[in-house]
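Enquirer: Right, I'll just put the structure down here and ask away after.
The values are calculated or read from the model by the stated rules, or taken from the named source; none is laboratory data. These numbers were taken from a predicted model, which means no experiment stands behind them. When we count neighbours, we look across all protein chains shown, and the Cβ atoms used for this are built from the backbone with ideal geometry, even at glycine. These area figures cover heavy atoms from the full protein model, side chains too; ligands, DNA and RNA do not enter into them. Shrake-Rupley method; radii C 1.70, N 1.55, O 1.52, S 1.80 Å.
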Amino acid sequence: MTTYEETTPAPAPAPCRRTVVATIGAVGLAAALTACGSDDKSPAGSAGDAPSKGGDGGVLASTSDIPVGGGKIFKDAQVVVTQPTKGDFKAFSSLCTHKGCPVTSVEGGTVNCPCHGSKFDIADGSVRGGPAPKPLPPARITVAGGSIKLA
């Protein structure tokens, strides 16, 4: 008669500290890279890049939509259009040059970033306050027949 003994497989050895630390680091890196990736809803490029969306020449707005001494932000096109004086239209990237946050208001003669308080002049995009290191990059527009288009 043959006797068989049941044997339990030996437990797997515990991972060494180096393996655990490397795995945690790789997971953390993957999470960070995923968070830094861009999609259609996040700003593309770096904080100083000119707008890249909406360049198909489609109409952004009517000239009557842009108040004199103010402006309007076009989130999808990543551009802000201003009218510093009657009939004088300017356009700039809507991404702050400090950390790339989208600007959210145009008032008091400035384009304003809520993230760290940067303010940009509506006439030329120059920095009027805050930590932004550079002016807003200009965006090219055309104004014809009462319509404003990205060039």
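Enquirer: Obtain the nm distance between the two label points defined at His116 and Ala151 by a simple spin-label model: each point lies 7 Å from its Cα along the Cα-to-C-beta direction.
Expert: The modelled label-to-label distance comes out at 3.1 nm.
Enquirer: Modelling each spin label as a point 7 Å along the Cα-to-Cβ direction, I'd like the Lys75/Thr63 distance in nm, to one decimal.
Expert: Distance between label points: 2.9 nm.
Enquirer: Still on this structure, I have one more. Can you give me the accessible area per residue for segment 97-151, using a 1.4 Å probe, in Å²?
Expert: Numbers: 2780 Å² over 55 residues.
Per-residue value: 51 Å².
Enquirer: Quick check on packing: order 131-141, 88-98, 59-69 by the mean number of other C-beta atoms within 10 Å, highest mean leading. Present the calculation step by step, with values, prior to reporting the outcome.
Expert: On the way: 131-141: 17.5, 88-98: 23.4, 59-69: 14.0.
Per-residue Cβ counts within 10 Å, averaged per peptide and sorted highest first, yield 88-98, 131-141, 59-69.
Enquirer: How much length is gained on full extension from Lys134 to Lys86, taking 0.36 nm per residue of separation minus their Cα-Cα distance? Don't skip to the end; give the middle numbers.
Expert: Details: separation 48, 0.36 × 48 = 17.28 nm, distance 2.63 nm.
Gain on stretching Lys134 to Lys86: 14.6 nm.
Enquirer: Calculate, in nm to one decimal, what Lys99 and Ala123 gain on full extension: separation in residues at 0.36 nm each, minus their alpha carbon distance. The partial results should precede the final answer.
Expert: Numbers: separation 24, 0.36 × 24 = 8.64 nm, distance 2.19 nm.
So the extension gain works out to 6.5 nm.
Enquirer: Sticking with this structure for a sec: List the equivalent ellipsoid semi-axes of segment 59-151 in whole Å, largest first, each obtained as the square root of 5λ for an eigenvalue λ of the Cα gyration tensor. Show your work: numbers first, answer last.
Expert: Details: eigenvalues 92, 33, 21 Å².
So the three semi-axes of segment 59-151 are 21, 13, 10 Å.
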